[in-house]
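What follows is calculated from the coordinates using simple rules that are stated; it is not laboratory data. This is a predicted model, so every value here is computed, not measured. Every residue, glycine among them, receives a Cβ derived from its backbone with ideal geometry; neighbour counts consider all protein chains shown.
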Amino acid sequence: MRILDQDIYLLGRLQQNDLTAFECIFRKYYPILCTYGTRFVPIEDAEEIAGDTLLWLWEHRQALNIQSSLGGYLLKSVYHKAINQIKENEIKNAADIKFFEATQQLMEEENFYRFQELSQRLKEAINALPPSYREAFIMHRFQGKSYKDIADILNVSPKTIDYRIQQALKLLRKDLQEYLPFLCIVIPHFLTQYKHIL
């Protein structure tokens, strides 16, 4: 069976909820997508992007409308995700610079006690998170684990981990809203610098 015909067959089976077809697609394309992704981002990010791309394929199998080849479709998806990752990293780097500048200001004597108060409130807010949110949040922010690593440990999908962390940040922002305008800088960058508050 030619490669194109094989992909058409697998896609047809995939749309009929055939998990074996998905496993075949995963085994065939995951290494290729990882290798391609490393042209743009580090290997860990490339692996996460490749996994997310294939997971998306399975989750949206009923609505798939792939006009080109499956391989071309997946590679294009990885490309767009990688470019978005690069943009997110650039935004994060800019935010890190702002955080550093803000930290210098916070450490001035006139702000010292407010800084201490904020540290305590952060600790309390994190401890008040729902257990599943807190667990994923701490593993990602404090232990430096990727969404994929956390998902493997907790036996859930990376998308679930992403949801839990985003919800944790949302709850933290709500709980600490009285600390604006510091909040937009402090969350999440403050946490990575002050692990000792937990």
Once normalised by the length of the stretch 3-84, the mean sequence separation of its alpha carbon contacts under 8 Å that are 6 or more apart gives a contact order in percent of 34 percent
Output ordering of 8-21, 82-95, 160-173 (per-residue mean of other Cβ within 10 Å, highest first) is 160-173, 8-21, 82-95
Report ³J(HN,Hα) in whole Hz for each residue of the stretch 132-138, in order, from the Karplus equation J = 6.51 cos²θ - 1.76 cosθ + 1.60 where θ = phi - 60°; Gly and Pro get x.
-> 5, 5, 4, 4, 5, 5, 5
Could you tally the net charge around LEU171, taking each other residue with its Cβ under 11 Å from the Cβ of LEU171, Lys/Arg +1 and Asp/Glu -1?
-> +4
Length released on extending from THR160 to ASN93, taking residue separation times 0.36 nm less the Cα-Cα span = 21.6 nm
If you add up the charges near TYR79, with Lys and Arg at +1 and Asp and Glu at -1, over every other residue whose beta carbon is less than 14 angstrom from its beta carbon, what do you get?
-> +2
Roughly how many Å is it from the Cα centre of the stretch 151-171 to that of the stretch 44-87, as a whole number?
-> 20 Å
In terms of Cα to Cα distance under 28 Å, which lysines are near enough to LYS76, apart from those fewer than 8 places away along the same chain?
-> LYS28, LYS87, LYS92, LYS145, LYS148, LYS159
Expected vector for the stretch 47-59, Karplus 3J(HN,Hα) from phi with 6.51, -1.76, 1.60 and θ = phi - 60°, integer Hz, x for Gly and Pro, equals 5, 5, 5, 4, x, 5, 5, 6, 5, 4, 4, 5, 5
Which net charge results when you count Lys and Arg as +1 and Asp and Glu as -1 among the other residues whose beta-carbon is under 15 Å from that of ASP152?
-> -3
In sequence order, what are the phi-derived ³J(HN,Hα) couplings for the stretch 80-95 according to the Karplus relation 6.51 cos²θ - 1.76 cosθ + 1.60 with θ = phi - 60°, rounded to whole Hz, with x for glycine and proline?
-> 5, 5, 5, 4, 5, 4, 4, 4, 4, 5, 5, 5, 5, 4, 5, 5
